[in-house]
Amino acid sequence: MKKKILIICANYYKNISNGLLTSAKSQLPKNCLIRIISVPGVFEIPVAISRNLKKFDAFIALGCVIKGQTPHFDFISQASTNAIMDLSVKSKKPIGNGIITCLNMKQALARKKKGSEAAKAILSILSQK
């Protein structure tokens, strides 16, 4: 049976999210049914997953948060991570967390390939019985 995978990509930093998306898709087998949803930022990722929990077998959350001059970075990073973990545990469905949290744009650009790790993580869980 083909696995249905939803990729939710936060496009606040479009050049970073494009790299994350490309690297995630490169790891997914051809026999998967893949749908991609774009959201404005990482804070919107959990609600997009929640609205689609019954339609897909697994999810990949992709996005980037870069630390600024205020505590906003900490709040967004923690809230999105906690929400994704809660959704995964409650639904018993894998959610690959490909949201990178960086101190600056240079770090973010160096981590654009982290989407592949999120994809590998969900495939590992999907292959378990």
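The values are calculated or read from the model by the stated rules, or taken from the named source; none is laboratory data. On a predicted model such as this, the values are computed, not experimentally measured, just so you know. Every residue, glycine as well, gets a Cβ built from its backbone with ideal geometry; the counts of neighbours run over all protein chains shown.
Table for the structure above
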item	result
Matching residues, the range 53-76, being under 20 Å from I7 (Cβ atoms) and not charged (D, E, K, R)	L53, F56, A58, F59, I60, A61, L62, G63, C64, V65, I76
From C32, C9, residue being hydrophobic (A, V, I, L, M, F, W, C), at negative phi and under 14 Å from the mean Cα position of the chain (by Cα)	C9
Matching residues in the range 81-117 - criterion: being β-branched (V, I, T) and surrounded by 15 or more Cβ atoms within 10 Å (Cβ to Cβ)	T81, I84, I95, I99, I100, T101
I36 buried (at least 22 other Cβ atoms within 10 Å of the Cβ), of a type outside the set (S, T, Y) and more than 13 Å from T101 (Cα to Cα)	no
Qualifying strands (runs of 3 or more DSSP E) (wholly inside the range 1-107; at least 2 residues being among the small types (G, A, S) and modelled with pLDDT of 95 or more)	58-66, 95-102
Per-region count, the range 66-80, residues surrounded by 15 or more Cβ atoms within 10 Å (Cβ to Cβ) and either without any contact (Cβ under 8 Å) to a residue 24 or more places away in the chain or touching a Pro at 6+ places or on another chain (Cβ under 7 Å) (or both)	1
When residues of the range 8-32 are limited to those that are in contact (Cβ under 8 Å) with a residue 60 or more places away in the chain and aliphatic (A, V, I, L, M), the one farthest from V65 (Cα to Cα)	L28
Positions within the range 40-65 being more than 16 Å from G115 (Cα to Cα), buried (at least 17 other Cβ atoms within 10 Å of the Cβ) and of a type in the set (A, V, I, L, M, F, W, C), in sequence order	F43, A48, I49, F56
